[in-house]
1. Could you list all residues from segment 81-104 that are under 15 Å from Ala71 (Cβ atoms) and of a type in the set (S, T, N, Q)?
2. For the subset of segment 70-87 comprising residues that are closer than 13 Å to Phe47 by Cα and aliphatic (A, V, I, L, M), which member is surrounded by the most Cβ atoms within 10 Å (Cβ to Cβ)?
3. Quick check on my filter: what residues within segment 37-63 are within 13 Å of the chain's Cα centre (by Cα) and either open to solvent by less than 20 Å² (accessible area, probe 1.4 Å) or among the polar types (S, T, N, Q) (or both)?
4. Restricting attention to segment 22-53, which residues are out of contact with any Gly (no Cβ under 9 Å at 6 or more places or on another chain) and among the charged types (D, E, K, R)?
5. Which of the residues that make up segment 50-100 are part of a loop (DSSP other than H, G, I, E, B), among the hydrophobic types (A, V, I, L, M, F, W, C), within 24 Å of Phe31 (Cα to Cα) and touching a Pro at 6+ places or on another chain (Cβ under 6 Å)?
Amino acid sequence: MAEEAAAAPAAAPIEEEEADVSFDDPYIDTFLCTSCNECIGINPQMFGYDGNKQAFVADASKGTFDELVRAAEKCPARCIHPGKPRAGDATVNDDLVARAAAYH
């Protein structure tokens, strides 16, 4: 009598940990970027280009909420999301927060 091979139980799929995403932080939908240079022209220390010459937020601490909102307003691809203002940013006012809300 031939022994039947015991079927090994299927291994559970390995779940990768998702990075914590906060929509309070500024971000750019980089894949939508048209490389127009509008954001870079506002603040080249806050915004940068990746290897495909598509924009990303390089260092939000190098700029102001006002610059984030102005960049979002000038972006033809509408891919810049200013997030919420950082504590202590002197450029923040009710009008600026209202303008930023259009890009959330």
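1. Listed by number, the list holds a single entry, Thr91.
2. Filtering first and then ranking leaves Ile80.
3. Result: Met46, Phe47, Gly48, Gln54, Ala55.
4. From segment 22-53, those out of contact with any Gly (no Cβ under 9 Å at 6 or more places or on another chain) are 28-39, 41, 44, 48-53; that's our starting set.
Correct list: Asp29, Glu38, Asp50, Lys53.
5. Going residue by residue through segment 50-100, those that are part of a loop (DSSP other than H, G, I, E, B) are 50-54, 58-59, 63-64, 75-79, 82-93.
Adding the requirement that they be among the hydrophobic types (A, V, I, L, M, F, W, C) leaves 58, 75, 77, 79, 87, 90, 92.
Adding the requirement that they be within 24 Å of Phe31 (Cα to Cα) leaves 58, 75, 77, 79.
Matches in segment 50-100: none.
The values are calculated or read from the model by the stated rules, or taken from the named source; none is laboratory data. All of these numbers come straight from a predicted model, not from anything done at the bench. Every residue, glycine as well, gets a Cβ built from its backbone with ideal geometry; the counts of neighbours run over all protein chains shown. Each accessible area value is taken on the protein alone, full model and side chains, heavy atoms only, with ligands, DNA and RNA left out. Shrake-Rupley method; radii C 1.70, N 1.55, O 1.52, S 1.80 Å.
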